[in-house]
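Single-structure report; data block below.
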């Protein structure tokens, strides 16, 4: 799948946020985000695709993290190896499920937590997929607002961060349409 730039926004600190269509596993970044569950099990969707491509090291490291630290809480994010993938690591962000309550706040927290983990690693670029918009069934308007809020908050709260390139990588469809609509409101 060929990448297509939908929209790019530049922030005062030199950071950029781009919305693109394409294959997350082929993104030109140092790290990608996995739309994870708290147990870091990779049963379907983006998580399964990442786990298959990364290989057993990513899965084993995730299981070890959960064994030693417990489940990753909703709104949290952790880093594992990228295994066979061409990234410096994979950030696993745990978004809320529909019905959890305060889904938008929790989703902002999860996405921003992913950015903070990348910042802590000293990484300069990250790409993330739709989080909580698939099997977690959070309404697309809430997801879109949360993604945009998380990006804005991160660049405001971490103006000196090495993380300057943030990309939202989506497929064509209703979530992309919602993000395109909301980004025009910024």
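No lab work stands behind these numbers, since they all come straight from the coordinates. Just so it is clear, the structure is predicted and the values come from calculations on it, not from any experiment. Reconstructed Cβ throughout: ideal geometry from the backbone, glycine too, with neighbour counts over all protein chains shown.
Structure notes:
- Antiparallel content of DSSP bridges confined to the stretch 1-132, in %, to 5: 55 percent
- Cα centroid of the stretch 1-65 to Cα centroid of the stretch 91-154, whole Å: 12 Å
- Summarising the label geometry, the points placed 7 Å from Cα in the beta-carbon direction at residue 141 and residue 84 lie 4.3 nm from one another.
- Modelled this way, with points 7 Å down the Cα-to-C-beta line, the labels at residue 180 and residue 9 are 1.7 nm from one another.
- Each principal axis of the stretch 109-151 carries a Cα extent, and these read 33, 19, 14 Å when sorted largest first.
- Kirkwood hydrodynamic radius of the stretch 14-68, from the reciprocal of the average inverse Cα-Cα distance over all distinct pairs: 12.7 Å.
- Mean residue ellipticity (222 nm) of the chain, computed from DSSP H runs ≥ 4 via -39,500 (n - 2.57), nearest 500: -12500 deg cm²/dmol
- Scaling the Cα radius of gyration of the stretch 42-186 by the globular reference 2.2 N^0.38 Å produces a ratio of 1.02.
- Max mean-square fluctuation residue, GNM over the chain, Cα-Cα springs under 10 Å, options 112, 68, 102: 68
- Length, then width, then depth: along the principal axes, the Cα atoms of the stretch 1-92 run 40, 29, 21 Å.
- Taking every alpha-carbon pair under 8 Å whose residues sit at least 6 apart, the stretch 4-75 reaches a relative contact order of 23 percent.
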